[in-house]
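Below is one structure, written out as structure tokens, with a few remarks after it.
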Amino acid sequence: MGQKLHILSEIIENKSIEEALIALEEQSSGAITFSTSFSFEDQVILHHILTTIPDAVKIFTLDTGRLFPETYSVWSSTNARYNTSIKAYYPNNDLLETFIQENGPNSFYESVDNRKSCCHIRKVEPLQRALKDNKVWITGLRAEHSPARQDLNIIEWDEANKIIKYNPLLHWSTKEVKEYIDTNNIPYNSLHDKGFISIGCAPCTRAIKEGEDFRAGRWWWEDNSKKECGLHSK
């Protein structure tokens, strides 16, 4: 796999995002997919895909059942803007019903284990279904998101999901992302204007205060500097 990653890295080197997407689509025989949470970053990538190669990449989102109303709003406005219909993957009903019956609807506040179990049911397991039979997974990860992500590569191997991961905005700054959104009049989540940086499920996300870390608004009740839901190892 190391040689394959090296070859792909060379193929997309110095290419635009559009050119890289086309090259990756050709190399993966069409088995390329993009997961969007409708964040600033994901909206930038969506715009690149849907305005240049709309049929080359399968686009999906994870509807956990506890998203903000503003997230559903930008989802709808994105479908309307680009005349598309983004596929949604949902939690397994049996797993979710059992978890809530045994632990309660807000048990994720009670322990890290409960929170991680909730994340697994609402996000990780649906993601595994969405990624099945694909060879390349496009993400909106950026190095600025956290210190742990500064050593990521634009092309890398995701061992947990056994798939090649492409991070086209890895080295983009927040300023560059926002400017691209504004210049291209791309729909975005209005919560970003209210101090919400990383937006997930409504009960688990808050706006951050000035000087706080990018991830401080996620699972804000946990005293843990490395807080992830399991979708990405970093």
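Note on the range 68-165: Cα-only Rg and Dmax are 16.5, 42 Å.
Given the C-alpha atoms of the range 1-56, compute the convex hull and give its volume per residue in Å³.
Values: hull volume 5.2 nm³, N = 56.
Once divided by residue count, the hull of the range 1-56 is 93 Å³.
For the chain, averaging the sequence separation of C-alpha pairs within contact (under 8 Å, six or more residues apart) and dividing by the residue count gives a relative contact order of 23 percent.
Magnitude of the charge dipole for the chain, about its Cα centre and with charges confined to Cβ atoms of Lys, Arg (+1) and Asp, Glu (-1), is about 260 debye. Listed from fewest to most Cβ neighbours within 10 Å, the set Tyr109, Tyr82 follows the order Tyr109, Tyr82. Would you mind classifying the range 115-234 by shape? Square roots of the alpha carbon gyration tensor eigenvalues, ordered a ≥ b ≥ c; an a/c under 1.5 is rounded, otherwise it is prolate if a/b is larger than b/c and oblate if not. Since a/c reaches 1.5 but b/c is at least a/b, the shape of the range 115-234 is classed as oblate.
Each of Tyr72, Tyr166 has some number of other Cβ atoms within 10 Å of its Cβ, and from fewest to most they run Tyr72, Tyr166.
In what order do Ser85, Ser190 fall by count of nearby beta-carbon atoms within 10 Å, going from fewest to most? Could you put the intermediate results ahead of the total?
On the way: Ser85 8, Ser190 14.
Arranged by neighbour count, lowest to highest, Ser85, Ser190 become Ser85, Ser190.
Which semi-axes, in whole Å and largest first, does the equivalent ellipsoid of the range 2-217 have when worked out from the alpha carbon gyration tensor as the square roots of 5 times its eigenvalues?
Taking √(5λ) for each eigenvalue gives 28, 21, 18 Å, largest first.
Rounded, prolate or oblate for the range 154-218? Axes are the square roots of the Cα gyration tensor eigenvalues, ordered a ≥ b ≥ c, and the cut-off for rounded is a/c under 1.5. Oblate is the answer for the range 154-218, as a/c is 1.5 or above yet b/c matches or exceeds a/b. Since only Thr78, Cys204, Val44 are under comparison, the one whose Cα sits farthest along the positive direction of the charge dipole of the range 2-217, derived from C-beta charges on Lys, Arg, Asp and Glu, is Cys204. With contributions of -39500 (n - 2.57) from each DSSP H run of at least four residues, the per-residue ellipticity at 222 nm computed over the chain stands at -11000 deg cm²/dmol.
A short reminder: the numbers here are calculations on the coordinates, not readings from a lab. If you're wondering where the values come from, they're calculated on a predicted model, not measured in any experiment. Quick reminder, even Gly has a Cβ in these numbers, built from the backbone with ideal geometry, and neighbours come from all protein chains shown.
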